[in-house]
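Worksheet for the structure shown next.
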Amino acid sequence: MQNKPLTLLILNGKGAGNEDLRAAVNTLRDEGFNLAVRVTWEKGDGDRYVQEAVELQAETVVAGGGDGTINEIATALAAVPAEQRPALGILPLGTANDFATSVGIPEEMEPALRLAVLGKASAIDLARVNGDRYFINMATGGFGTRITTETPEKLKSALGGVSYFIHGLMRVDALKPDSCEISGPGFEWQGDALVIGIGNGRQAGGGQKLCPDALINDGQLNLSIVTAQELLPTLLHSLTRNDENPNIVSAQLQSLSIRSPHEMTFNLDGEPLTGSEFEIEVMPGALSCRLPPQCPLLA
């Protein structure tokens, strides 16, 4: 019998005890699939395991965790020469799983693992920030970033993605817009932004669709700026209605620059980056990702 190609599963330590996943791994191994498992413990582990996958000539690297874990593995894969780069598979083991949810990855472990191992690999874009940081899903700035970076871990564990929204409602009194200037090819905007979303994917913060029309293989980034002083009605409007919202400025760009007179924090798939200047560009077709046949984010 010919040996099946190697798939290396890289699991975030928090999700490593998932019994359904253990059962799914055993089922696929019993069917003859060649699966190896690694568990991250500290910063840098994901990068190390991707290097190991390359050395072992793995066909696929599966990121098992939330958006932060997917970001870590995608970033490591981006540094691998294209001819040696394994495909990326995704197992949703995080709190919000915004990217996995929006691309249509099954929540159940066995179907998700089968897709990660056997699914058709599609070329997808990656976004690069200031030359050395990346996001596969979305960069968010402003009030939304403060919510996701401050939401208590216990609330996240108990309520999942909706915890961000609830914590946000508790913090509406702390609204402070970010004064900034955003520019790109054929686009200029200056003012006070409550929320900034730069989407390769569509949603962040546990299901908030900041960039509802984004596609992950169109060579573009979708920009949404919430300018209203009334955040809650604006967010509810964007969640419940499809017509144009006068309080949201939108654009599609291949690159953009953000300048602010004070420090801002952007959340890159859950990883904070603070500064006063941000250069963001799309990297078309940077990764190969195993996605469902009817993935809504593919052009």
Restrict the check to the stretch 64-72 and report whether at least one residue is in contact with a strand residue (DSSP E or B) (Cβ under 7 Å, 6 or more places away or on another chain) and within 17 Å of I124 (Cα to Cα).
yes
Enumeration of residues in the stretch 97-125 that are assigned to a loop (DSSP other than H, G, I, E, B), modelled with pLDDT of 95 or more and either among the small types (G, A, S) or open to solvent by less than 40 Å² (accessible area, probe 1.4 Å) (or both)
G104, I105, P106, G119
Restricting attention to the stretch 242-255, report how many residues are at pLDDT 95 or above and part of a loop (DSSP other than H, G, I, E, B).
1
For the stretch 74-91, give me each residue that is open to solvent by 20 Å² or more (accessible area, probe 1.4 Å) and either under 18 Å from the mean Cα position of the chain (by Cα) or without any contact (Cβ under 8 Å) to a residue 60 or more places away in the chain (or both).
T75, A78, A79, P81, A82, E83, Q84
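Going by the conditions given, is T40 among the β-branched types (V, I, T) and without any contact (Cβ under 8 Å) to a residue 40 or more places away in the chain?
Judged against the criteria, T40 is a match.
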Residue tally, condition out of contact with any helix residue (DSSP H, G or I) (no Cβ under 7 Å at 6 or more places or on another chain), over 20 Å from D178 (Cβ atoms) and either assigned to a strand (DSSP E or B) or open to solvent by less than 40 Å² (accessible area, probe 1.4 Å) (or both), over the stretch 256-299
7
Among the numbered criteria (1) within 26 Å of L297 (Cβ to Cβ); (2) open to solvent by 30 Å² or more (accessible area, probe 1.4 Å), which single criterion is violated by N71?
(2)
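Determine, yes or no, whether V129 is closer than 24 Å to N3 by Cα and modelled with pLDDT of 95 or more.
No: the conditions fail for V129.
Residue-wise test of (1) within 18 Å of A112 (Cα to Cα); (2) exposed (fewer than 13 other Cβ atoms within 10 Å of the Cβ); (3) not charged (D, E, K, R).
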site	(1), (2), (3)
K4	no, no, no
L11	yes, no, yes
L21	yes, no, yes
N26	yes, yes, yes
F33	yes, no, yes
K43	no, yes, no
A58	no, no, yes
V61	yes, no, yes
D67	yes, no, no
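The values are calculated or read from the model by the stated rules, or taken from the named source; none is laboratory data. All of these numbers come straight from a predicted model, not from anything done at the bench. Here the Cβ is made from the backbone with ideal geometry for all residues, glycine too, and neighbour counts use every protein chain on show. Surface accessibility is based on the protein's heavy atoms, side chains included, excluding ligands, DNA and RNA. Shrake-Rupley method; radii C 1.70, N 1.55, O 1.52, S 1.80 Å.
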